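The values are calculated or read from the model by the stated rules, or taken from the named source; none is laboratory data. Bear in mind that the values here come from a model prediction, so they are computed numbers and not experimental data. Please note: Cβ atoms are built from the backbone with ideal geometry, for glycine as well, and neighbour counts cover all protein chains shown.
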Amino acid sequence: MATITMTVNGSEVSAEAEGRTLLSQYLREGLGMTGTHVGCDTSQCGACVVHVNGQAVKSCTMFAAEAAGAEVTTVEGMANADGSLGVIQQAFQDHHGLQCGFCTPGMVMSAAALLKDNPKPTEAEIRDYLEGNICRCTGYQNIVRAIMAASGQEVPGAIAAE
Amino acid sequence: MHNFDFVSPSTVEEAAAALQGDEAQALGGGQTLIPTMKQRLAAPTTLVSLTGIAGMSGVSSDGGALTIGGATTHATVADQAGAYPALAALAGGIGDPAVRNRGTIGGSLANNDPSACYPSAVLGSGATVVTNTREIAADDFFDGMFTTALDEGEIITAVRFPVPQAASYQKFLQPASRFALTGVFVAQYADGVRVAVTGASEGGVFRWSEAEAALSADFSAGALDGLSVSADGMIGDLHGTPEYRAHLIKVLTKRAVSAAA
Amino acid sequence: MPKDSGIGASSKRREDVRFLTGNGNYTDDININGQTYAHFIRSDVAHGTINSINTAAAEAMDGVIKVFTAADFAAAGGIPCGWQITDRDGNAMQEPKHPILAEGKVRHVGDPIAVVVAETLEAARDAAEAVEIDIDELPAVIDMKAALDDGATKVHDDLTSNLCFDWGFVEENREAVDAAFAEAAHVTSLDLVNNRLVANPMEPRVAIGDYNRSDDEYTLYTTSQNPHVIRLLMGAFVLSIPEHKLRVVAPDVGGGFGSKIYHYAEEAFCTFAAKVLNRPVKWTSTRAEAFVSDAHGRDHVTKIELALDADNKFTAIRTETYANMGAYLSTFAPAIPTWLHGTLMAGNYTTPLIYVNVKAVFTNTVPVDAYRGAGRPEATFQLERVIDKAARELGVDPAELRRQNFIKPDQFPYATPVAVEYDTGDYDATLDKVLELGDYNGFAARAAESAANGKLRGIGLANYIEACGIAPSNLVGQLGARAGLYESAKVRVNATGSISVFTGSHSHGQGHETTFAQVVADMIGLPEDQIDIVHGDTSKVPMGMGTYGSRSLAVGGSAMVRATEKIINKAKKIAAHLMEAAEDDIELKDGQFSVAGTDKSVAWGDVTLAAYVPHNYPLEDIEPGLEETAFYDPANFTYPSGSYLCEVEVDPDTGTVDVVAFTAADDFGNVINPMIVEGQVQGGLAQGIGQALRESAVYDDNGQLLSGSFMDYAMPRADDLPNLVVDHSSCTPCTHNPLGVKGCGEAGAIGSPPAVVNAVLDALNRAGHKVDHIDMPVSPARVWAAMNS
């Protein structure tokens, strides 16, 4: 066991970890931050996506030791300072971009990474970017709509919530 | 997975020394190795991370060649290999964005998955694999599925690609893994055309020499009309028969030529 | 003008806030002080005899608490099956024991043999490698027809064969059906496979057992769609724990799609081991485990024949289906290919004579049970494929052949020859709507455009009828169900007027916390945020049957309406007393009680306060308090229906199929929250399109699951799907439930596979390829092979 320190959502944190401790385990078990989910073992589903030094990564396919000293952002860090939903989170609620909510943390983090690089993505670019995030509930359509809305673009054909 | 010691050397020399230990293994981006370790199919006792080594990451262009550090991520290659657009496009199509932010060219080549994209670019470009001890020509590097010319503990420090006149990579997705069910890399150089095929053969990445000869004489899709690939030795699985993969090779080669020309 | 709250409003989902901020409470997010970790050692062979299990070395390892084997469960019962089928000869199905841990034999890859419980999960996994298990491998029984051959290896030595049952429906119609075929002007016949699927909710299953010595109470936290059913099955049949000593909690659950209905061995194990060890025991499935331990779905092999007269009217349908049960009978397995499949074989049509034969077969594969749609997709696929083939053979428009045979609006209620009575429907309306929205008549121009781009374009249509809210209990009991199929609701009005609704339905993505609140808010005239929906905990909620089969609103919602009606009736008595008026004159609107024809009124909160502070109160007539419970047992199924239209482009060089347009026109009766309904349909369509083109659980001859991870089981991704056009403007309300609702959760998965496959075959046949059928998944390799055969 070694103590690994990193910055998560702006706060410096430390927890014990073995060499084999994955970043997702470090967050969920070491820090008790259960917003990041694990949905597969083959780095396919993307429920575990977080940002490490500003880049989207699959936290189940990275050792905690590799993130030592890094700046990590998780879904828990995506709300506004006053606790209200951030722009992407709000768009997911407004456009029914989630059902069971399990893939949602990864979807939100992938969406944030996309919009950082590409502030006005097309629908095709959004679908392409979400290749590594599997959702079983929504058929993706409302996730795509939510990301369009979060980027300030018109959302065609959507039933937005009231 | 089994536990191990994690070491993060800052120089190639330190990494090479660390890899001399029993059951030590190099860790690139870990995008294949970590899932394999979760299945307990790999159980190194020491894992030597290569991503913190200065000078092993980045893309540089020099006199008609593009050199990519062994620990360079797919995302960086996609972003910075503009001098070799077909290579940048290939890197930008590996896995998904989060995988591309971690996976490295050195890791991919050392693993030599028969369905990985990079081996076709390296073989199709006649690139040179640079290690901490030597330089290995692409034609000598790949040695069948998951096997390469690398010695135990040898580290890929860089890959040097001669930039072709024209090139294209055409990938036909395996629908689940998003690896190449079949992928074809075509590159046209002054001294001839190279065609490398991934995903299709039980022997791993290979060159389609008949197509190379035909395209060297006439770099057009039509030049391939009379050719066909034998299904012998092709992979057959739930996603496609050997015959289907053999067929795809020709279709994708034609498409690559059309896209490159 | 859309409403902004209550019934019919697209209210934002309240549950989203916790899910979007990382504050959901999924089972794996729960950790109990002193918790231990269980790791299941599972068979890596499909069939074998266990000679010995040596746990000594593992138990000596650091951190290991105990290694359990079947010997530890000698006093426990097997995992029960909840539905008994009676075969054509009147005999009960063959029902093998399904032990918690393998007893003497392993019967599928993934069958649990032993469990290591340790202080950490990694310690448990490390120790699992030290458990020595000696197994003699036996031949695996994989192919269903071969499994029924004389002399075939038996999955269960104590059964007479691998045939679970041979079911005929309606057996009395058999000869008449045969006669109709003998007289038919045209017979179309089709052999097809309904591919085996894995539900794959994104949250893998989790179970945590906890035991309290001081009061001898057990708690199971589990990823379940129906915690009460788990409590009943596990308590009464497996572990002999009385229900009042067993609490089952299903907190936030990350999708189910059927696979989390069933009682699984891991739940019983963790509950049992928690008492043995006097410590909480947690098990979290990996995805790899999920593939070999979650019940699979579908897996039917069918021959269907359709008889038509000279006017192209359907005169009879005859089917023979082999249905895979897997190695053991999962909770509802026998009901799926029988009552949830045979009763739907009339579809939307007036076919007068139908005979369905189903042979259910044991194989050395993971148990098969309901997956989104459950029997109804299998029925719909056969019917809509054979009709399409008939239209091609007869040279008639597939839409018109269907329309010609529709049950017409004036024929409802309509009794089918397969024992159900459709209450309402208007199939022409959804067909008209889908043809209009999908621009059926403009197809030729789009096909020409595709052709110019070197692509083959095809269009495919399918109609579906669904039977939701399976009921009533006395009928399903006659059909073999070992449970009732009602639902419960308790409505608790607090003194200050806010309301807690305790529902036996369970939300695992459906948004009940929002929609159920909309209904109660609408009935009373309160803001939605005054109503809280509580579900998923047997210690809080009255006995309920949970969520599956698109039943929540139709059955659970109806129970809630009934309980709320009782509340309103009682509140009116109180209001009448407070206003010194006759009870019959009291009206409730917008949260205000008033006396008809006067300006007298009293607010909701005044009445609720009076109920709990009964100083001025009709104590002689009614009790204080305002809390009511209702159990609702429906009179009939509900029958949602719809028409789906799919357009594909086929790449003739590679066989790749792109779904370029998909239009769904559904009739769900009344709709509470259009936004949520649209999302349910979109999700169902994605799963149906996934089944049609990508997904397949494939075993090799040795019983190894070749598609045992997301590396080989092709889940639909965002870039695999088009924009889905979804319409639910057609509305024939259900006649027998108070909300007039029908259910929308499974429709998309039921209607879409045949629409997709029909479109692919249309594309190929238009291009001159004489291809009658391609089995799902219609992969590029299969399309290419069909074009080149």
(message) For segment C:105-144, give me each residue that is within 14 Å of chain A (Cβ to nearest Cβ) and charged (D, E, K, R).
(response) C:Glu119, C:Glu122, C:Arg125, C:Asp126
(request) Just give me the residues in segment C:116-149 being in contact with a strand residue (DSSP E or B) (Cβ under 6 Å, 6 or more places away or on another chain), surrounded by 20 or more Cβ atoms within 10 Å (Cβ to Cβ) and part of a helix (DSSP H, G or I), in sequence order. (result) C:Ala124, C:Ala127, C:Ala128, C:Met144, C:Ala147
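In the list B:Val159, B:Val205, B:Val184, B:Val197, which residue meets the criterion of being over 19 Å from B:Thr104 (Cα atoms), more than 14 Å from chain C (Cβ to nearest Cβ) and touching a strand residue (DSSP E or B) at 6+ places or on another chain (Cβ under 9 Å)? Break it down into steps so the answer makes sense when it comes.
On the way: B:Val159 fails: over 19 Å from B:Thr104 (Cα atoms); B:Val205 fails: over 19 Å from B:Thr104 (Cα atoms); B:Val184 fails: more than 14 Å from chain C (Cβ to nearest Cβ).
Sole residue among the options that is over 19 Å from B:Thr104 (Cα atoms), more than 14 Å from chain C (Cβ to nearest Cβ) and touching a strand residue (DSSP E or B) at 6+ places or on another chain (Cβ under 9 Å): B:Val197.
Among C:Ile41, C:Ile100, which is the only one that is under 29 Å from C:Phe362 (Cβ atoms), touching a residue at least 12 places away in the same chain (Cβ under 8 Å) and not in a loop (DSSP other than H, G, I, E, B)? Write out each step before concluding.
Numbers: C:Ile100 fails: not in a loop (DSSP other than H, G, I, E, B).
From the options C:Ile41, C:Ile100, the qualifying one is C:Ile41.
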(message) Please list, ordered by residue number, the helices (runs of 4 or more DSSP H) wholly in segment B:64-151 having 1 or more residues that are more than 14 Å from chain A (Cβ to nearest Cβ) and within 24 Å of B:Thr253 (Cβ to Cβ).
(response) B:74-80, B:85-91, B:105-111, B:118-125, B:138-141
(message) Taking the condition of being of a type in the set (Lys, Arg) and in contact with a helix residue (DSSP H, G or I) (Cβ under 6 Å, 6 or more places away or on another chain), how many residues in segment C:480-512 meet it?
(response) 0
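Can you name every residue in segment C:641-663 that is more than 17 Å from C:Leu456 (Cβ to Cβ) and not hydrophobic (A, V, I, L, M, F, W, C)?
Correct list: C:Ser641, C:Gly642, C:Ser643, C:Tyr644, C:Thr663.
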(request) Tell me which residues, restricted to segment B:172-194, are under 16 Å from B:Ile235 (Cα atoms), part of a strand (DSSP E or B) and in contact (Cβ under 8 Å) with a residue 60 or more places away in the chain. (result) B:Phe172, B:Ala180, B:Leu181, B:Thr182, B:Gly183, B:Val184
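Among residues belonging to segment C:1-17 that are charged (D, E, K, R) and free of Cβ contacts under 8 Å to residues at least 40 places away in the same chain, point out the one that is farthest from the other protein chains (Cβ to nearest Cβ). Spell out the reasoning first.
Looking only at segment C:1-17, we keep the residues that are charged (D, E, K, R), and these are C:3-4, C:12-16.
Applying the additional criterion that residues be free of Cβ contacts under 8 Å to residues at least 40 places away in the same chain yields C:3-4, C:16.
Working: C:Lys3: 8, C:Asp4: 5, C:Asp16: 4 Å.
If we take residues in segment C:1-17 being charged (D, E, K, R) and free of Cβ contacts under 8 Å to residues at least 40 places away in the same chain, then C:Lys3 is farthest from the other protein chains (Cβ to nearest Cβ).
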(message) Take the residues in segment C:245-295 that are basic (Lys, Arg) and in a strand (DSSP E or B); name whichever of them is surrounded by the most Cβ atoms within 10 Å (Cβ to Cβ).
(response) C:Lys282
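Every residue in segment A:47-73 that is of a type in the set (Asp, Glu) and facing chain B (nearest Cβ under 8 Å), please. Before the answer, list the steps.
Of the residues in segment A:47-73, the ones of a type in the set (Asp, Glu) are A:66, A:71.
Selection gives A:Glu66 alone.
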(message) If I ask for residues that are part of a loop (DSSP other than H, G, I, E, B) and either of a type in the set (D, E, K, R) or over 21 Å from A:Ile4 (Cβ atoms) (or both), which ones from segment B:1-30 would you list?
(response) B:Thr11, B:Leu19, B:Gln20, B:Gly21, B:Asp22, B:Glu23
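Answer yes or no as to whether C:Ser224 is within 14 Å of chain A (Cβ to nearest Cβ) and part of a loop (DSSP other than H, G, I, E, B). Talk me through it step by step, then tell me what you get.
On the way: within 14 Å of chain A (Cβ to nearest Cβ): yes; part of a loop (DSSP other than H, G, I, E, B): yes.
So C:Ser224 fits the description; yes.
Take C:Ala38 and tell me if it is exposed (fewer than 15 other Cβ atoms within 10 Å of the Cβ), farther than 25 Å from C:Ala370 by Cα and not aromatic (Phe, Trp, Tyr).
Taking the combined requirement at face value, the residue does not satisfy it.
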(message) So in segment A:17-44, with the set limited to residues that are in contact with a Pro (Cβ under 7 Å, 6 or more places away or on another chain), of a type in the set (Ser, Thr, Tyr) and farther than 14 Å from C:Thr27 by Cα, which one is surrounded by the most Cβ atoms within 10 Å (Cβ to Cβ)?
(response) A:Ser43
(request) Look at A:Ala146 and say whether it is outside any loop (DSSP other than H, G, I, E, B) and away from chain B (no Cβ under 14 Å). (result) yes
(request) Any chance you could count how many residues in segment C:659-707 are within 10 Å of chain A (Cβ to nearest Cβ) and either closer than 18 Å to C:Val368 by Cβ or of a type in the set (Gly, Ala, Ser) (or both)? (result) 7
(message) If the requirement is being within 29 Å of the chain's Cα centre (by Cα) and surrounded by fewer than 24 Cβ atoms within 10 Å (Cβ to Cβ), which of these qualifies: C:Ala483, C:Ala452?
(response) C:Ala483
(request) From (1) touching a residue at least 40 places away in the same chain (Cβ under 8 Å); (2) in a loop (DSSP other than H, G, I, E, B); (3) under 20 Å from C:Val198 (Cβ atoms), pick out the condition that doesn't hold for C:Pro652. (result) (3)
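Residues to consider are C:Val778, C:Val783; find the one that is closer than 20 Å to C:Val193 by Cβ, within 14 Å of chain B (Cβ to nearest Cβ), in contact (Cβ under 8 Å) with a residue 40 or more places away in the chain and out of contact with any Gly (no Cβ under 7 Å at 6 or more places or on another chain). Step through it out loud before you land on a result.
Working: C:Val783 fails: out of contact with any Gly (no Cβ under 7 Å at 6 or more places or on another chain).
Checking each option against the conditions leaves just C:Val778.
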(message) Return the residues of segment C:578-611 that are exposed (fewer than 15 other Cβ atoms within 10 Å of the Cβ) and either polar (S, T, N, Q) or over 24 Å from C:Ile499 (Cβ atoms) (or both); say none if nothing qualifies.
(response) C:Glu580, C:Ala582, C:Asp584, C:Ala596, C:Gly597, C:Thr598, C:Asp599
(request) Output the number of the condition that C:Asp216 fails; it satisfies all remaining conditions of (1) on the phi < 0 side of the Ramachandran plot; (2) over 29 Å from the mean Cα position of the chain (by Cα). (result) (1)
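Okay, residues lined up against (1) buried (at least 18 other Cβ atoms within 10 Å of the Cβ); (2) more than 19 Å from B:Ala138 (Cβ to Cβ); (3) basic (Lys, Arg); (4) modelled with pLDDT of 95 or more:
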position	(1), (2), (3), (4)
B:Gly183	yes, no, no, yes
B:Val197	yes, no, no, yes
B:Ser220	no, yes, no, yes
B:Ser228	no, yes, no, yes
B:Met234	yes, yes, no, yes
B:Ala246	yes, yes, no, yes
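With respect to C:Glu647, determine if the residue is outside any loop (DSSP other than H, G, I, E, B), of a type in the set (D, E, K, R) and crowded, with 24+ Cβ neighbours inside 10 Å. Please lay out each step first, then the result.
Values: outside any loop (DSSP other than H, G, I, E, B): yes; of a type in the set (D, E, K, R): yes; crowded, with 24+ Cβ neighbours inside 10 Å: yes.
Answer is yes for this residue.
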(request) With respect to C:Cys734, determine if the residue is farther than 23 Å from B:Glu243 by Cβ, crowded, with 24+ Cβ neighbours inside 10 Å and away from chain A (no Cβ under 14 Å). (result) yes
(request) Output the residue which, of all residues in segment A:118-135 that are more than 14 Å from chain B (Cβ to nearest Cβ) and of a type in the set (D, E, K, R), is farthest from A:Ala47 (Cα to Cα). (result) A:Lys120
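Here is a check on your reading of the model: is C:Arg403 buried (at least 24 other Cβ atoms within 10 Å of the Cβ) and among the basic types (Lys, Arg)?
No.
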(request) Report, ordered by the first and then the second residue, all pairs with beta carbons closer than 7 Å, sequence separation of six or more or different chains, a first member in segment C:286-301 that is within 10 Å of chain A (Cβ to nearest Cβ), and a second member that is part of a helix (DSSP H, G or I) and surrounded by fewer than 23 Cβ atoms within 10 Å (Cβ to Cβ). (result) none
